[in-house]
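**Q** Sharing a structure here in structure tokens format.
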Amino acid sequence: MARKLRRMAILTGGGDAPGMNAVIRAVVKKAILEYGVTVTGIEDGYDGLVKGRYRRIAYDDVSGILTLGGTILGTSNTANPYRYPVQSRSKLEFKDMSRVTLRNIEKLDIDCLVCIGGDGTLGIANRLSKEGVPVVGIPKTIDNDLRGTDITFGFDSAVCIATEGIDRLHTTAQSHHRVMIVEVMGRNAGWIALHSGIAGGGDIVLIPEIPYDVGIVADKVQERNKKGRRFSIVVVAEGARPRDGKVVIQRIVKKSTDPIRLGGIGFVLGAQIEKITSIETRAVVMGHLQRGGSPTPFDRVLATRLGTQAVDMVQNKEFGHMVGVKGDSLVRVPLEEVAKGPRTVPLNHPLIQAARAVGTCFGD
Ligand code: F6P
């Protein structure tokens with residue numbers, strides 16, 4: 001007879017996203033209520049596994065966290081057991097801490113490790129899985145750029161926040177006859193810009209997948225002005241870049257496996273538009289506001305579906321897999337597939353066509 005599920009551990013990795021706590025709650029409640037499992041929470045993502053920092057999570061610990069932003073477990077987007085940053089005096093070194101990590105996992109005596117995260121976290125989960133760790137993944141990222149799933153939790157909340165930002169900036173754009181630029185997150189994928197741009201009625205939407213021509217962007221602004229629409233809203237993804245140019249890098253986080261932090265394209269573009277059109281142009285960077293606060297009802301529901309399904313996958317020993325969304329269904333996706341790299345917006349995506357159909361300019 002198959003051994004019953006007794007003990008599992010859970011960690012949240014990468015950037016925080018609205019819905020992380022809702023997933024933790026779903027996993028822990030179902031694991032305890034349905035299977036009587038003991039759950040250990042790993043602190044600060046993989047950092048806790050490297051350093052052996054974890055704590056028992058009881059049912060009461062997850063009561064009342066459904067609507068709470070962030071993660072009660074803490075997270076890290078720099079702690080990679082296979083390339084662990086160690087700062088000594090002025091020197092930063094990277095060490096392979098995977099043996100220590102595997103020993104710590106062994107000490108936990110768990111039937112499964114549930115990893116909640118984006119491509120970085122789930123890429124590491126895939127490597128651990130290949131080393132024999134029973135792992136189940138849950139897709140998280142505001143960027144929505146994960147392979148194997150139509151949607152990740154956190155994305156809807158980020159789109160709602162970005163859309164609210166665009167809605168509010170319309171007021172100043174209209175009243176002062178300005179161009180207002182809203183820079184949104186998303187790394188090298190344009191999902192947040194595309195969705196919030198459509199939802200907020202952006203006149204110009206610039207995404208990494210479609211390199212733009214600033215002349216075409218300026219023409220669109222001037223054309224609107226001639227028609228009496230004396231303002232324009234530009235939604236630009238942080239990873240957008242001009243046809244012959246580069247992305248704008250905000251900072252390099254040396255400790256990170258993925259060290260480039262994008263940001264600032266809005267200001268660069270704003271200066272260019274103002275110079276060409278002589279229309280006052282201002283830029284606002286939505287930044288981490290998009291990751292903060294309470295998840296939307298959609299994300300709470302999604303987080304609950306994903307979390308509870310993940311527990312069933314643990315029970316069925318469907319290790320080495322992530323729970324993904326395909327249409328209305330939840331599916332099992334090999335972590336190997338998820339680890340292949342980010343999922344960007346396909347150029348023939350119906351939303352690009354829909355946006356173009358209502359006159360949105362993509363700068364191409
Ligand atoms: O992946 C989520 C995300 O918010 C990206 O959209 C953004 O580029 C990055 O993380 C920012 O990371 P950090 O919080 O380290 O600045």
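The values are calculated or read from the model by the stated rules, or taken from the named source; none is laboratory data. Everything numeric in this text was worked out from a predicted model, so none of it was measured. No Cβ is skipped: glycine too gets one built from the backbone with ideal geometry, and neighbour counts run over all protein chains shown. Surface areas here come from the heavy atoms of the whole protein model, side chains and all, with no ligands, DNA or RNA. Shrake-Rupley method; radii C 1.70, N 1.55, O 1.52, S 1.80 Å.
**Q** Kindly establish whether residue 247 is open to solvent by less than 80 Å² (accessible area, probe 1.4 Å), part of a strand (DSSP E or B) and closer than 17 Å to residue 213 by Cβ.
**A** Taking the combined requirement at face value, the residue does not satisfy it.
**Q** For region 74-104, which positions are part of a helix (DSSP H, G or I), closer than 17 Å to residue 10 by Cα and open to solvent by less than 90 Å² (accessible area, probe 1.4 Å)?
**A** Answer for region 74-104, where residues must be part of a helix (DSSP H, G or I), closer than 17 Å to residue 10 by Cα and open to solvent by less than 90 Å² (accessible area, probe 1.4 Å): 101, 102, 104.
**Q** Also, I was wondering about something else. Residue 44 passes all but one of (1) of a type in the set (Asp, Glu); (2) surrounded by fewer than 19 Cβ atoms within 10 Å (Cβ to Cβ); (3) part of a loop (DSSP other than H, G, I, E, B); which number fails?
**A** Here residue 44 clears every test but (2).
**Q** Sort through 282, 291 and tell me the only one that's among the basic types (Lys, Arg), touching a Lys or Arg at 6+ places or on another chain (Cβ under 8 Å) and either farther than 30 Å from residue 91 by Cα or surrounded by 15 or more Cβ atoms within 10 Å (Cβ to Cβ) (or both).
**A** Testing whether each residue is among the basic types (Lys, Arg), touching a Lys or Arg at 6+ places or on another chain (Cβ under 8 Å) and either farther than 30 Å from residue 91 by Cα or surrounded by 15 or more Cβ atoms within 10 Å (Cβ to Cβ) (or both) leaves just 282.
**Q** What number goes with the only condition from (1) within 16 Å of the ligand (Cβ to nearest atom); (2) of a type in the set (A, V, I, L, M); (3) within 18 Å of residue 18 (Cα to Cα) that residue 62 does not pass?
**A** (1)
For (1) of a type in the set (Phe, Trp, Tyr); (2) in contact with a helix residue (DSSP H, G or I) (Cβ under 9 Å, 6 or more places away or on another chain), each residue gets a yes or a no:
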{"position": "254", "(1), (2)": "no, no"}
{"position": "258", "(1), (2)": "no, yes"}
{"position": "267", "(1), (2)": "yes, no"}
{"position": "284", "(1), (2)": "no, yes"}
{"position": "311", "(1), (2)": "no, yes"}
{"position": "325", "(1), (2)": "no, yes"}
{"position": "329", "(1), (2)": "no, no"}
{"position": "339", "(1), (2)": "no, yes"}
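**Q** Under the condition of being hydrophobic (A, V, I, L, M, F, W, C) and in contact with a His (Cβ under 7 Å, 6 or more places away or on another chain), which residue from region 217-242 is farthest from the ligand (Cβ to nearest atom)?
**A** 231
**Q** Could you list all residues from region 105-114 that are more than 14 Å from residue 128 (Cβ to Cβ) and open to solvent by 70 Å² or more (accessible area, probe 1.4 Å)?
**A** 107, 109 - these are the residues of region 105-114 that are more than 14 Å from residue 128 (Cβ to Cβ) and open to solvent by 70 Å² or more (accessible area, probe 1.4 Å).
Yes or no, residue by residue, for (1) within 16 Å of the ligand (Cβ to nearest atom); (2) buried (at least 20 other Cβ atoms within 10 Å of the Cβ); (3) modelled with pLDDT under 95; (4) in a strand (DSSP E or B):
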residue: 136; (1), (2), (3), (4): no, yes, no, yes
residue: 146; (1), (2), (3), (4): yes, yes, no, no
residue: 149; (1), (2), (3), (4): yes, yes, no, no
residue: 167; (1), (2), (3), (4): no, no, no, no
residue: 172; (1), (2), (3), (4): no, no, no, no
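**Q** Which one is most open to solvent (accessible area, probe 1.4 Å) among residues in region 335-357 that are of a type in the set (S, T, N, Q) and part of a loop (DSSP other than H, G, I, E, B)?
**A** By that ranking, first place goes to 348.
**Q** Under the condition of being assigned to a helix (DSSP H, G or I) and out of contact with any strand residue (DSSP E or B) (no Cβ under 9 Å at 6 or more places or on another chain), which residue from region 124-134 is surrounded by the fewest Cβ atoms within 10 Å (Cβ to Cβ)?
**A** 130
**Q** Please determine whether any residue of region 303-310 is touching a strand residue (DSSP E or B) at 6+ places or on another chain (Cβ under 6 Å), open to solvent by 40 Å² or more (accessible area, probe 1.4 Å), closer than 30 Å to residue 34 by Cβ and outside any loop (DSSP other than H, G, I, E, B).
**A** yes
**Q** Now a separate question. Got a sec? Which of 346, 334 is at pLDDT 95 or above and out of contact with any Gly (no Cβ under 7 Å at 6 or more places or on another chain)?
**A** Residue meeting the stated conditions: 346.
**Q** Follow-up question, since we're still on this one. Here are some residues: 131, 183. Which one is within 16 Å of the ligand (Cβ to nearest atom), of a type in the set (D, E, K, R) and in contact (Cβ under 8 Å) with a residue 24 or more places away in the chain?
**A** 183
**Q** Residues of region 251-296 being in contact with a Phe, Trp or Tyr (Cβ under 9 Å, 6 or more places away or on another chain), in a strand (DSSP E or B) and away from the ligand (no atom under 16 Å from the Cβ), which ones?
**A** Residue satisfying the conditions is 283 alone.
**Q** Can you list residue pairs whose Cβ atoms sit under 6 Å apart, with the first residue in region 282-295 being in contact (Cβ under 8 Å) with a residue 24 or more places away in the chain and hydrophobic (A, V, I, L, M, F, W, C) and the second being open to solvent by 30 Å² or more (accessible area, probe 1.4 Å) and within 14 Å of the ligand (Cβ to nearest atom)? Count only pairs 6 or more apart in sequence or on different chains.
**A** Final answer for the pair search is 289/161.
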